[in-house]
Amino acid sequence: MLFSQAIDALKEIFLVALLPDRKLKFFEQQPLAAVLANKEGTRRLLFYYVEDCLKKRYSSFVTGLEECSRDNLEFLKDKALKAMYDLLRSKPEQVWQLSPCECWADEQ
């Protein structure tokens, strides 16, 4: 029951509050050479850092969902697959990790 509630809560937080309607970038993928050495540049670097952390946390969540989708407990597997579907449908982030899920082949 706690796993189910945690999955629902994290899914809602990511979908409603944290994920933008674009793909996130890792810190290394940002245009760092274009950042100026002033207060605005510092803010931009901080924004890039927060985006990097968010992308890593979301990736960990998706990995956890993928692991739950292979669990022997049907309710947990079902909850994880539904959450993965909602995430895939709503936000483009991690589509490469969500769509080729091996667990869907097990269901057939």
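Annotations
- Those residues of region 60-75 which are of a type outside the set (Val, Ile, Thr) and surrounded by 17 or more Cβ atoms within 10 Å (Cβ to Cβ), in sequence order: PHE61, LEU65, GLU66, CYS68, SER69
- Single unsatisfied condition, LEU81 versus (1) at pLDDT below 90; (2) among the hydrophobic types (A, V, I, L, M, F, W, C); (3) within 15 Å of the chain's Cα centre (by Cα): (1)
- Selection count, region 65-78, where residues are farther than 18 Å from LEU18 by Cα and either part of a helix (DSSP H, G or I) or in contact (Cβ under 8 Å) with a residue 40 or more places away in the chain (or both): 8
- The number of residues in region 63-78 that are modelled with pLDDT under 90 and within 15 Å of the chain's Cα centre (by Cα) comes to 0.
- Hits in region 14-52 (condition: of a type in the set (Val, Ile, Thr) and either assigned to a loop (DSSP other than H, G, I, E, B) or modelled with pLDDT under 95 (or both)): VAL16, VAL35, THR42
- For region 1-59, the set of residues classified as farther than 26 Å from ALA80 by Cα, among the basic types (Lys, Arg) and exposed (fewer than 10 other Cβ atoms within 10 Å of the Cβ) consists of LYS39 only.
The values are calculated or read from the model by the stated rules, or taken from the named source; none is laboratory data. Computed from a predicted model, the values in this text were never measured in an experiment. Note that each Cβ is placed from the backbone with ideal geometry, even for glycine, and that neighbours are counted across all protein chains shown.
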